[in-house]
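So the structure is just underneath, and the comments pick up after that.
The values are calculated or read from the model by the stated rules, or taken from the named source; none is laboratory data. This one's a predicted model, so the numbers in the text were calculated from it and none came from an experiment. Backbone-built Cβ (ideal geometry, glycine too); neighbour counts: all protein chains shown. Quick note on the areas: whole protein, heavy atoms, side chains included, nothing else; ligands and nucleic acids left out. Shrake-Rupley method; radii C 1.70, N 1.55, O 1.52, S 1.80 Å.
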Amino acid sequence: LEDYDEIVTQFGYAFFFVPLFPLAPCLALLNNMLEIRIDSYKMLKLCRRPIPHYDNTIGMWNKVIAIYAYIAIVTNIALLIFHYDIGKHIVGSDFKIQSF
């Protein structure tokens, strides 16, 4: 359960902010590859052998990832519009975003 939580959180950070930091998915991949190596070392050398059990799916995490994907689409579109001033071309030259 803790591993899924970590992976889903990383998925959110990587894909919510791709327009502002395009290397985020690559860094997430490198992090996951390193983490797999570290976890495999821990499981092989430092822990007892776990008792295997069968699961059909990843459970509720599948729905959470789907919701994150939809939120990431909206977030990426909003970041692109606000960051690159695409709204001026859509609405007109008087388009101005007020910020705090």
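Considering segment 57-80, and only residues there that are touching a residue at least 60 places away in the same chain (Cβ under 8 Å) and hydrophobic (A, V, I, L, M, F, W, C), the residue that is least open to solvent (accessible area, probe 1.4 Å) turns out to be ALA72.
Hey, could you check segment 57-75 for residues that are in contact with a helix residue (DSSP H, G or I) (Cβ under 8 Å, 6 or more places away or on another chain) and aromatic (Phe, Trp, Tyr) and say which is modelled with the highest pLDDT?
Going through the qualifying residues, I end up with TYR68.
Residues that are open to solvent by 90 Å² or more (accessible area, probe 1.4 Å) and not in a helix (DSSP H, G or I) within segment 24-56 comprise ARG48, ARG49, ILE51, PRO52, HIS53, TYR54, ASP55, ASN56, listed in sequence order. Among the residues making up segment 4-23, those that are within 26 Å of GLY59 (Cβ to Cβ), touching a residue at least 12 places away in the same chain (Cβ under 8 Å) and either of a type in the set (A, V, I, L, M, F, W, C) or open to solvent by 50 Å² or more (accessible area, probe 1.4 Å) (or both) are TYR4, ILE7, VAL8, PHE11, TYR13, ALA14, PHE15, PHE16.
Any residue at all in segment 76-88 that is basic (Lys, Arg), at pLDDT 80 or above and in a helix (DSSP H, G or I)? Scanning segment 76-88, I find no residue that is basic (Lys, Arg), at pLDDT 80 or above and in a helix (DSSP H, G or I), so the answer is no.
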